[in-house]
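Input: a single structure, listed below in C-alpha cells.
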Amino acid sequence: MTDPHPLSRISPRYSGDSLADVLPGALAVLGVPGAVDRLGLSPRLAGVRRIAVLLVDGLGWYHLPVVARHAPTLAGLAATVGRPIVTGFPSTTPTSLVTLGTGAPPGRHGVLGFRVRVPGSDRVLSHVAWADDPDPLRWQPVPTQLELARAAGVATTVVSRPEFGGSGLTLAANRGGDFRGAADLDALAVEVLTALTAGSGPTLVSAYHPDLDRHGHLTGVDSEPWRTAATELDGLLARLVDGLPADAALLVTADHGQLDIPVEHRFDLDTDPRLSAGLRLVTGEPRVRYLHVTPGAEADVVAAWSAVLGDAAQVTTRAEAVAAGWFGPVPEEHLGRIGDVVVVCRDTYVVVASVSESPMAARLVGYHGADTAAEMTVPLLAIRG
C-alpha cells in the first residue's frame, strides 16, 4: 500500500496507529497493569525490561527518503523496523509532546496548539514559553504515562535540554520522570544510556532532540544546515543502538513533519484589513489559525476569510471542527482555548502576522501544524538491543 500524496489531507487517528499509542504500548511491554498496546509492540519486544523513547522534533515520515542520503543508520532502521503513525491535530510540537506524554488526544489533555487563548481573558499562552502560570497540573489535568509507569514500579527518566527542566510544557507532558539535562548530542546519548542501565528493574526513559526541526524552520528541509543536523542525528542513533543492553529497546518517533512555504504563498493578517475585521484575538500559528471574534461577528469572519483565502485554506467554526473529531473529545473547560473560527491552511500556504507576532515567525522557511500527510505522518522505529 502506497503512502498518500504528501499534500493530501488526512484525519488524526485517536484509536490506533497514533502518536498517543506509543507510550501506552511501551508500558504494556514493561508489564504495567491496564496499559494497552494498540501498536502491537509486545510480540517484537517480548522480554524487554528497559525502553528508551526518543522523540526527534520535525522528523516526518515523508522526510525519510531525503534523510537517507545523510543518515545511513536511520535509513537502515526505517527500512527494517520502521512504520508510519499519525500525530494528533494540530501537528505542532507542544500538542504532540503532550499527546505522546499522556497517551491522550489533544481535546482531552488541553494543549490544543502552539499559542492559545487563556479562557476568560485576552491573554495568549505560548506553550513553548510557559513557566508556571497557568498551573501546568490544572491546565493539563491528565496523568502522564510516566506517572502511571512510576506508580507501577518502573524507574522513569526524562532527558532533554537543560533549559526545559521544570517548564510548564515539560510538566504537562512528562511529569513523573526524573529530569536529566543534556545540552548537546553527546550528553543526550550519555544520559539516555546511563538512565537506561542504572538499575535492574523495569525502566522507561523519554528523550527529546530538537535540532532537525529548528533547521527546517530556519533554512528549510534539505538545506545544508538541515543535512548536517540529519547526519548528527544519525550519529546519535548509532550510539544509542550500539549501547542498548540485551534486555532493552529503543523507540524512535517524532511530533510532526514540515513543509517549505514559498514567499508567494503567505497571507498577512496584519496588512490585510479584510482579515482583521471582527477579530478580538488571533492565536494558533501560521498553518492553523484560531480566530476569537467580537460578539456577533462569527459568520462575517468566516465569509471574509473564505473569500480572501479561497482554496488556500479551510475556514470553519469551532463547533464544526470539534464535531468533526479533529481534536478528539473536547471537554467544556477546554473549548475556549480553540478559536470561534478555525482556519487550516491547505497545500503550501500560511497566514502570518508580521506585526502582532514575532517578525521572525513570518520569515521562516519551514512550517507545520495543518493536516497534510507530510505534516501529520511520523515514523515509529522499534529497535531491540
Identity of the residue in the range 112-156, crowded, with 19+ Cβ neighbours inside 10 Å and small (Gly, Ala, Ser), that ends up nearest to Gly325 (Cα to Cα):
Gly113
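Check Val351, Val378 and return the single one that is in contact with a helix residue (DSSP H, G or I) (Cβ under 7 Å, 6 or more places away or on another chain), of a type outside the set (Gly, Ala, Ser) and surrounded by 24 or more Cβ atoms within 10 Å (Cβ to Cβ).
Working: Val351 fails: in contact with a helix residue (DSSP H, G or I) (Cβ under 7 Å, 6 or more places away or on another chain).
It is Val378.
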I need the helices (runs of 4 or more DSSP H) fully contained in the range 303-385, keeping only those with at least 1 residues that are over 23 Å from Leu19 (Cα atoms), outside the structural domain of Thr92 (by TED's automatic domain parsing) and without any contact (Cβ under 8 Å) to a residue 60 or more places away in the chain.
318-323, 332-335
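Yes/no per residue for (1) surrounded by fewer than 22 Cβ atoms within 10 Å (Cβ to Cβ); (2) over 20 Å from the mean Cα position of the chain (by Cα); (3) modelled with pLDDT of 95 or more; (4) over 29 Å from Thr170 (Cα atoms):
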{"residue": "Leu19", "(1), (2), (3), (4)": "no, no, yes, no"}
{"residue": "Gly25", "(1), (2), (3), (4)": "no, no, yes, no"}
{"residue": "Ala35", "(1), (2), (3), (4)": "yes, yes, yes, no"}
{"residue": "Arg38", "(1), (2), (3), (4)": "yes, no, yes, no"}
{"residue": "Val53", "(1), (2), (3), (4)": "no, no, yes, no"}
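How about the range 72-111: which helices (runs of 4 or more DSSP H) wholly inside it have at least 2 residues that are surrounded by fewer than 22 Cβ atoms within 10 Å (Cβ to Cβ) and of a type in the set (Gly, Ala, Ser)? Steps first, please.
Numbers: elements: 72-81, 93-102, 106-109.
In the range 72-111, 72-81 are the helices (runs of 4 or more DSSP H) which contain 2 or more residues that are surrounded by fewer than 22 Cβ atoms within 10 Å (Cβ to Cβ) and of a type in the set (Gly, Ala, Ser).
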Of the residues in the range 283-294, those that are of a type outside the set (Asp, Glu) and either outside any loop (DSSP other than H, G, I, E, B) or surrounded by 24 or more Cβ atoms within 10 Å (Cβ to Cβ) (or both) come to Thr283, Gly284, Pro286, Arg287, Val288, Arg289, Tyr290, Leu291, His292, Val293
Would you check if there is a residue in the range 196-208 being under 30 Å from Ser8 (Cα atoms), among the hydrophobic types (A, V, I, L, M, F, W, C) and within 22 Å of the chain's Cα centre (by Cα)?
no
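Which ones in the range 160-188 are in contact with a Leu (Cβ under 6 Å, 6 or more places away or on another chain) and either of a type in the set (A, V, I, L, M, F, W, C) or assigned to a helix (DSSP H, G or I) (or both)?
Ala173, Asn174, Ala182, Leu185
The values are calculated or read from the model by the stated rules, or taken from the named source; none is laboratory data. None of these values were measured; they are calculated from a predicted model. Neighbour counts are summed over all protein chains in view; Cβ atoms, including those assigned to glycine, are modelled from backbone coordinates with ideal geometry.
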